[in-house]
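These notes are about the structure you will find just below.
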Amino acid sequence: MVKVTQRRRVTRLSADGSVRERADTLAGEEPLEIRVGGRPLSVTMRTPGSDFDLAVGFLHGEGVVRGWDDVAQIDYRSGIGADGQRDYNVVDVTLAEGVAPPDPSLERHVYTSSSCGICGTSSIEAVRRTGEHDLRLDRVAHPLAQLLALPDRLRQEQKVFDRTGGVHAAALFLPGAGGLKPVCVREDVGRHNAVDKVVGWALRERGMPLPGAVLQVSGRASFELVQKAALAGIATLSAVSAPSALAVELGEELGMTVIGFNRGSSLNVYCGRERVLA
């Protein structure tokens with residue numbers, strides 16, 4: 001049985017020479033195999049929870065599905081594990097009639113670790129797949145004060161982080177009465193998984209694109225996160241930490257707004273300054 005968190009006994013050693021035993025809560029990390037029509041496509045290390053959204057969000061980022069209507073059925077297909085419990089580590093997605101199966105070049109031949117969302121992609125050309133899509137990025141601008149408030153509002157929703165200190169988070173904010181409102185927050189040991197869970201939820205609940213949407217992440221802004229946001233029609237990506245050079249290059253190329261070092265009192269706008277009202 002997979003678990004979001006697990007309890008372990010640890011020995012705490014301090015510089016003053018004290019030694020004590022105590023219980024600690026750790027973030028769960030389990031492999032999730034994603035199959036399409038029964039055929040294995042990828043294995044990612046994730047924190048269990050929202051697995052169906054994770055699978056569909058991942059397939060959306062790979063260009064396999066454009067929306068929830070492209071999915072005919074999704075289910076756990078792993079049967080019973082050695083311990084007699086049902087194993088929830090394999091998700092099989094059946095595509096709707098007329099939806100083409102994934103290109104074999106997209107198959108991940110190694111595990112996708114919790115720190116890398118594109119590791120194992122068979123060809124480098126498959127990584128920059130955003131150019132194959134008709135991206136619809138809005139020009140909605142947001143007041144600086146609202147953007148600066150996002151990290152704290154995300155932090156308030158990080159329940160698993162409060163217990164473990166060991167997961168990333170991603171939140172989708174949409175314009176509402178009084179400013180930007182969090183509509184979906186997900187946590188995971190992999191920052192790319194947290195984003196996939198958010199995107200999968202949005203495809204299922206709201207559809208895409210979402211005008212005025214902002215994606216706030218708890219860590220850095222990597223190339224893969226910019227790509228996933230752009231494919232989902234999210235024009236503004238805000239990160240607590242730094243973006244990579246390639247992330248900014250891709251964001252600029254696609255007409256996105258990429259924000260880094262958003263710490264509540266100031267932020268850096270690396271491209272797309274027109275969406276920030278200061």
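Looking at L277, L237, which is the one that is at pLDDT 95 or above, among the aliphatic types (A, V, I, L, M) and either over 23 Å from G63 (Cβ atoms) or more than 21 Å from the chain's Cα centre (by Cα) (or both)?
L277
Would you point out the residue of the range 162-207, among those that are over 18 Å from L225 (Cβ atoms) and assigned to a helix (DSSP H, G or I), that is least open to solvent (accessible area, probe 1.4 Å)?
T164
Name the single residue, out of those in the range 226-266 being hydroxyl-bearing (S, T, Y) and part of a loop (DSSP other than H, G, I, E, B), that is farthest from P143 (Cα to Cα).
Checking each candidate, the answer is S244.
Within the range 49-105, which residues are among the acidic types (D, E), at pLDDT below 90 and either farther than 25 Å from A229 by Cα or open to solvent by 30 Å² or more (accessible area, probe 1.4 Å) (or both)?
D83, D87, D103
Which ranges mark the strands (runs of 3 or more DSSP E) fully within the range 1-82 that have 3 or more residues being at positive phi?
In the range 1-82, no matching strands (runs of 3 or more DSSP E) lie anywhere.
Is the range 136-147 home to any residue that is under 23 Å from L32 (Cα atoms), modelled with pLDDT under 90, part of a loop (DSSP other than H, G, I, E, B) and open to solvent by 30 Å² or more (accessible area, probe 1.4 Å)?
Scanning the range 136-147 turns up no residue that is under 23 Å from L32 (Cα atoms), modelled with pLDDT under 90, part of a loop (DSSP other than H, G, I, E, B) and open to solvent by 30 Å² or more (accessible area, probe 1.4 Å).
The values are calculated or read from the model by the stated rules, or taken from the named source; none is laboratory data. Since the model is a prediction, treat every value here as computed from it, not as a measurement. With ideal geometry, Cβ positions are generated from the backbone for all residues, glycine too; neighbour counts draw on all protein chains shown. Calculation scope for accessible area: heavy atoms of the full protein, side chains included, ligands and nucleic acids excluded. Shrake-Rupley method; radii C 1.70, N 1.55, O 1.52, S 1.80 Å.
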